[in-house]
Amino acid sequence: MNDAHPEQDWRAWFAEHGARLRLIARQWTRSDADADDVLQEAFVRFWKHQRHLPGNPNALVVTSIRRAALDLHRRTDRRALREQVVSADAAAVANFAPEADPRLQALASSLPSLSAEQREVVVLKVWGDLTFEQIGAQLEISPNTAASRWRYAMEALRRLVTARTYE
Amino acid sequence: MNNEDHDIESALRRLRPRPPGPAVVSAIGRALDAPTSPAASPSARGIILRWSAGLSAAAACLLGFFFFARPTVTATLEYQLVRAEQPPATVDVFAPVRLADGSFARPVRVRWSNETQWEDRRTNTRLINYSPSEQFGLIPMETY
């Protein structure tokens, strides 16, 4: 099999994308430590078995993260239903660097208020850089459902940010 | 998607997720530095598969040779001579010619053929060996 990315420096690639990938991993794990483990396992698994594949590696890495998170849940908890994979931890997305802009800070602190399903779609679209179709494939929902969750999330965030900005 | 959604999305993209800890980065670095086992490498797997396919094909050829080539050799040994024929030769005599030393000779051409037929009764096949021949000669002529 030919390597589709022979010149790719994967260490540099990870340095560039590691932060957003960790945020994605954090969506599907219950602690920061788990997110780190999942990210490490997923990226190494991708590097070993899929880095040769053609196309943008981003979607493959995201898929690998989700599988690693599911594996972790299966290992640590028999309740491996998708709903349990979505972290119920409200701090799941409080993983941003502090922002001087109060509106951005309000946005960051509003994300945990979204429902887990909406937050999942938001993270996959914004930081996973996935289309609604790809999100649907990842979450085993239709692209329309993904888009619908996105619209509700945007509406909720707009309300929350407005309220927090003027608090 | 309306403009307000777009604004929120743009603002979200400006948020900076915290990077993974140094322990994760160094662990990934170690994993990337570690030599990959041949079995884990798709290219190595490809080489192994190609070699396996080549060796299998070679083994199949050898088996085919032993199973199919041998009876053919045996069949050749079963041929028996059933007919041998040499039809009468044809002789063409040409006009006399003068040779370089001044003497005369008459050119003669003789043509003949040999034919043998071999038959394998077991397979009901027949091998015909036909070999035509031709020879030129000069018959010296005495002149008075």
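Brief remarks on what is shown
- Scope region A:1-20; condition among the aliphatic types (A, V, I, L, M), more than 8 Å from chain B (Cβ to nearest Cβ) and assigned to a helix (DSSP H, G or I); matching residues: A:12
- Residue list for region B:96-117, filter: within 30 Å of residue B:84 (Cα to Cα) and open to solvent by 90 Å² or more (accessible area, probe 1.4 Å): B:111
- Residues being within 12 Å of another protein chain (Cβ to nearest Cβ) and open to solvent by 40 Å² or more (accessible area, probe 1.4 Å) - total across region A:98-127: 7
- Residues located in region A:133-167, provided they are open to solvent by 40 Å² or more (accessible area, probe 1.4 Å), hydroxyl-bearing (Ser, Thr, Tyr) and within 13 Å of chain B (Cβ to nearest Cβ): A:152, A:162, A:165
- Candidates B:83, B:50, B:18, filtered to the one that is at pLDDT 70 or above, within 14 Å of chain A (Cβ to nearest Cβ) and open to solvent by 90 Å² or more (accessible area, probe 1.4 Å): B:18
- Cβ separations smaller than 8 Å between residues 6+ apart or across chains give the following pairs from region A:105-127 residues that are farther than 18 Å from residue A:21 by Cα to residues that are at pLDDT 90 or above and not in a helix (DSSP H, G or I): A:107/B:15.
- Condition check for residue A:130: in a loop (DSSP other than H, G, I, E, B), open to solvent by less than 60 Å² (accessible area, probe 1.4 Å), modelled with pLDDT of 90 or more and within 25 Å of residue B:3 (Cα to Cα): yes
- Of the residues in region A:3-15, not one is under 15 Å from residue B:19 (Cβ atoms) and of a type in the set (Asp, Glu).
- Pair list, Cβ < 7 Å and 6+ apart or interchain, from region A:44-57 residues that are facing chain B (nearest Cβ under 9 Å) to residues that are β-branched (Val, Ile, Thr): A:44/B:28; A:48/B:36
- Qualifying residues in region A:21-37 (those that are within 19 Å of residue A:121 (Cβ to Cβ) and not basic (Lys, Arg)) - the one nearest to the other protein chains (Cβ to nearest Cβ): A:23
- Contact annotation: residue pairs with Cβ atoms under 9 Å, 6 or more positions apart or on different chains, pairing a residue in region B:92-112 that is closer than 22 Å to residue B:133 by Cβ with a partner that is open to solvent by less than 80 Å² (accessible area, probe 1.4 Å) and among the polar types (S, T, N, Q), are B:109/B:90; B:110/B:90; B:110/B:133; B:111/B:90; B:111/B:133; B:112/B:90; B:112/B:133.
The values are calculated or read from the model by the stated rules, or taken from the named source; none is laboratory data. Keep in mind the model is a prediction, meaning the values are calculated, not measured. We place every Cβ from the backbone using ideal geometry, glycine too, and count neighbours over all the protein chains shown. Heavy atoms of the whole protein, side chains included, go into the accessibility calculation; ligands, DNA and RNA do not. Shrake-Rupley method; radii C 1.70, N 1.55, O 1.52, S 1.80 Å.
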